[in-house]
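Undergrad: First, the structure itself, so that you have it in front of you.
The values are calculated or read from the model by the stated rules, or taken from the named source; none is laboratory data. Note that the structure is predicted; figures quoted are calculated from it, not measured. Counting neighbours? That spans all protein chains shown, and the Cβs are built from the backbone with ideal geometry, glycine included. Note: areas computed on protein heavy atoms with side chains; ligands, DNA, RNA excluded. Shrake-Rupley method; radii C 1.70, N 1.55, O 1.52, S 1.80 Å.
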Amino acid sequence: MRCDILTLFPEAVNAFLEFSILKKAREKGLLEVKAYNIRDFTEDRHRVVDDYPYGGGAGMVIKPEPLFKAVEYLKSDNKERLVIFMSPQGKQFNYEIARRLSEENRRLLFICGRYEGIDERVRMALVDEELSIGDYVLTGGELASLVVIDSSVRFIPGVLGDERSALEDSFSQGILDYPHYTRPADFRGMKVPEVLLSGDHEKIRRWREKAAISRTLRQRPDLIEKMKLTEEYLQIIDEIKKEEGL
């Protein structure tokens, strides 16, 4: 997975890349991320990247000139790029998009906005895809870009220690993850469910499936509504509703 990030704060991006899964993925050569400072593509002495919005209003807007020059510079190597702008107005980022991006052959080029946003002409002429990580506003697009990269890189074989991890994450089956337990079996009177200690793999599978559906019904019922439910799932849902009075 190969990514470029256009940002006003490359140091913040680079710092995040030095930890955990992203660091390991880079060390294995499975992830490449390069951060570029938008100010490096300005031509004035003060390296100004923003200006007041036409029509008035609060805040400042990132000018089109440095972003156009930055994208054109990066594309001058003749490598195909998918240009992604992180924005609250974008399509909601989800599990399916993360998986698709992990399989993308083109370099991913993230544009990180700041202030009140970017000049609309950048969207019109340069952006291929606009993504949002939620219905809220961040100070800039750096965190959002890193969220997308972090989520997507997990699908690349060799990134995680156990290949099953990404396949068993929340949303992998369209529902939330089941509860996890580790040692000790009894902690301050809170005991691990007996079925998980039984060694019966079929019973454990059934318990985990039921626990995951139960959690989803309570916390994200909207996910259940979107699913194509199997006969087994319908039976489990009926059991849960009777047991929990849902």
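Undergrad: Filter region 67-121 for residues that are outside any loop (DSSP other than H, G, I, E, B), within 24 Å of Glu11 (Cβ to Cβ) and hydroxyl-bearing (Ser, Thr, Tyr); which is modelled with the lowest pLDDT?
TA: Ranking the candidates gives Ser87 first.
Undergrad: Would you mind telling me which numbered condition in (1) open to solvent by 50 Å² or more (accessible area, probe 1.4 Å); (2) without any contact (Cβ under 8 Å) to a residue 40 or more places away in the chain Pro88 fails?
TA: It fails just one condition, (2).
Undergrad: Would you mind finding the one in Ser152, Ser145, Ser132 that is modelled with pLDDT of 95 or more, touching a helix residue (DSSP H, G or I) at 6+ places or on another chain (Cβ under 6 Å) and hydroxyl-bearing (Ser, Thr, Tyr)?
TA: Ser152
Undergrad: Collect the residues in region 179-207 that are surrounded by 10 or more Cβ atoms within 10 Å (Cβ to Cβ) and either aliphatic (A, V, I, L, M) or more than 25 Å from Gln235 (Cα to Cα) (or both), keeping them in residue-number order.
TA: If the condition is that a residue be surrounded by 10 or more Cβ atoms within 10 Å (Cβ to Cβ) and either aliphatic (A, V, I, L, M) or more than 25 Å from Gln235 (Cα to Cα) (or both), then Tyr181, Pro184, Ala185, Phe187, Lys191, Val192, Val195, Leu196, Leu197, Ile204 are the ones that fit.
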